[in-house]
Structure formats: C-alpha cells, structure tokens
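Scroll down for the structure; my scribbles are underneath it.
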Amino acid sequence: MTNSASKRTRLVKISIGAAGCNQLWSTFFGGKVKLLNSTAMANEQPDRQRNTAIKPGLWIQLCFVILGLLKVGAASACSCSQVGVENLVLDKRLSLAKIVVMPPSFTERVASLLNFFKVDSPESRTYPVKVLEVIAGSYDATALKAQSSVWSDCGVDLRPGETYYHRASPAAAGGDIYASVCNLVNEEYVRQVNAYKQRPKPELSPIPPGSWTEIFRSAKQTVHADYRSVTSDSYSHYIWIVRNLADDGRVKSAKEQLQIACKERQYNVVSRHEFSGMDASGDAISSVNLSERGHYQWLSMKPDIDGLFPVVCIGQLKRPTSSAPKARSPGMTSGVAGNSDTRLPIPSGWR
C-alpha cells in the first residue's frame, strides 16, 4: 500500500469514526448539549437572545481530533481464513448458529462509553446475544465480543435486535467468543451447510482392513489403493487411495481421489478427506472436494504413488466415472465442435 493510499484510508476510517462518535453521543445523551447563555452575554446582545447549542459538526470535529491522536497506525486490509462447509460440519470444534443481539442494559451502555476512550483497549465491546437456532456443532454463547469497525479492518458493529449467522471457534476455558467480518456468514453459506449435512457421504466411509492393495510403505506412511474402483473419462483415469500416517498427530489417515494423466505421468488431487483413525476410521476431521471448487494442480509422480501407473494406465477399467467436473489432463485441449480432443505436447517445464 502506497503512502498516499494509506493516508486516504486512514482519513476515511477517522471520518467514519467521528460520525460514529456523534451517533454514540446521541444514543447516550439524546441529542445536542445545550449551553445556557451567561447573563453578561444576554446583556451585551439582548436582541439576539441566543440559546447556543453544540452542533453535530463541532462534536464531529472533537471526535476527529481524538481519533486522530489514538489511531495513528497505517490501515491494513482484513484477511480472513476461509472455512469450507465440509470442515464446519465435520470438525467438532466448530459451530454455527443463528443469533439475535439483545439490547444492552444501562450499565453495559455506560461501560461501553467509558471503554471507547481507552487507548489500550480500542473499542472492544461486549454484546449480549440469544441463540435462535443451532445449525452445526454445539453453540451456547450468551455474549460476543467485537472490535468496532472504526478500530479494526475486521471489526464489526452489531446492532441490537438484528439477527446474524455466527461461526464460532473453540475458546479457552473462561475465554471470550469473538465476532468479526470473518465469522459472520450469509444465508447462502448456511444453505450450503444444510445441503452438505443432508447428502450421502460415501467418501467418508471407513475401509475394511486388508481390502485395498498396499502400494507404498515408509517410516512415515503406508499407502493403499482401491484398484476395484478405477474409473475413467475422455481425459484421465481416477482411483481412490488411503494414506495411513505413522506420526502422533490428530490426523491418522487421509483418503484421496486422484486423477491420473497416464501419458504425462502426472496426477491431480480431486478430493481429500482426513480421519482420526487408520483406514479412514474414527471421526472425519476434514473434507474438501477440490474439483467442485475449480482447483486443479497437476503434479509430477512421486515414489508413494508410482506403483499406481502400471495398473491404472494399462489394466482394464471397470466403468465410466460420474459427470462431476474434472480437470483436463495436461497436454489435452478441446477440439473444434464435432471433433475429438487433440493431445498437445507437454511444456518442458512440466516434465
């Protein structure tokens, strides 16, 4: 960000904050603050009979000065870590609920006003909330903390009486639960969550021990392949593998569907699903279908899957795949309508 852009962003933030100060003053004190004329002034200008008031513009200027002194750092854009609907449903540490913000009490209003002027705690406000519906996981929050959008690029100003969809992460024992622009989701996200909860998930089913063929073993992992499930389309072949991991981490195994381009000897991960037990057993920890997100990354073959190629690329295929979107093999390009696909040379950097 350039210096001029940073200055413009900072001025906009301060101007918005000043308007917020004026609104805050109006909320707590009901409007303008009247100043009674002194007797001397009344004697000097009896004809005008002025009843002077501090106008909103003066209050905005005062807040502008205060915020200009407190918020001197350069502004930065908010960066959010995205959570897919699959992982939200599967990860028992996450939850999603529809909440309504309750009106604050008089004590909470006063505390919020005092907190506004604390330099070491820039407008971190507590909002009492009521849970209307738990959509995923276990959600029992009664209050949320949030920084104002004046102070933080990821901050949010919740409105009493308004409803929100809040995605919560685990908090430490006795810790606060926070709201921000990163974890307040829209109705489309909620629709996708409900759709994923209802659809069948064969990719998350455990694998009977010994039913898949071992193709690789090392001190870190053992890889097995399901040769009975090999499928194909006009571009590539597809096969499921499972990686049983030897470390002591939370993830004990990972099931992957691979897309294999035989001539180029490259592969692409179509989907990946992680589990707490060996052979895709235990709890499903995470799940992502990369093909549905349009994410394709062709990789050169590695020793852990090198054993797949002789069987997948030469052996008899069982059946055609589903119509799910797949990546074209590297070196494949669509021909003219009515013509078959034409295979092009692979760039040297891909070999």
Item to check | Largest to smallest principal axis extent of the C-alpha atoms in region 152-204, angstrom | outcome: 41, 28, 22
Next on the checklist: On a full-extension model of 0.36 nm per residue, what is the gain between Tyr227 and Ala77, subtracting their alpha-carbon distance, rounded to one decimal in nm?
Outcome noted: 49.2 nm
Item to check | Packing-based ranking, highest mean first, of 140-149, 255-264 given that Cβ atoms within 10 Å are counted | outcome: 255-264, 140-149
Checklist outcome for this item: Simple spin-label estimate for Thr107/Gln297, 7 Å along Cα→Cβ, in nm, reads 5.2 nm
Next on the checklist: If I stretch the segment between Val311 and Glu214 completely, what's the gain in nm (0.36 nm per residue apart, minus their alpha carbon distance), one decimal?
Outcome noted: 33.6 nm
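Between Leu132 and Lys92, what length comes free when the chain is fully extended (0.36 nm per residue of separation minus the Cα-Cα distance, one decimal in nm)? If you can, show how the numbers build up before the last one.
On the way: separation 40, 0.36 × 40 = 14.40 nm, distance 2.00 nm.
Full-extension gain reported as 12.4 nm.
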Next on the checklist: I'd like the distance separating the alpha-carbon centroids of region 77-102 and region 130-165, in whole Å.
Outcome noted: 11 Å
Item to check | Pairwise label distance in nanometres, Leu204 with Arg265, each label 7 Å out on the Cα-Cβ vector | outcome: 3.8 nm
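Any read-out appearing in this document is the output of simple, stated calculations on the displayed coordinates, not a laboratory observation. In this text, all values refer to a predicted model and were calculated from it rather than measured experimentally. When we count neighbours, we look across all protein chains shown, and the Cβ atoms used for this are built from the backbone with ideal geometry, even at glycine.
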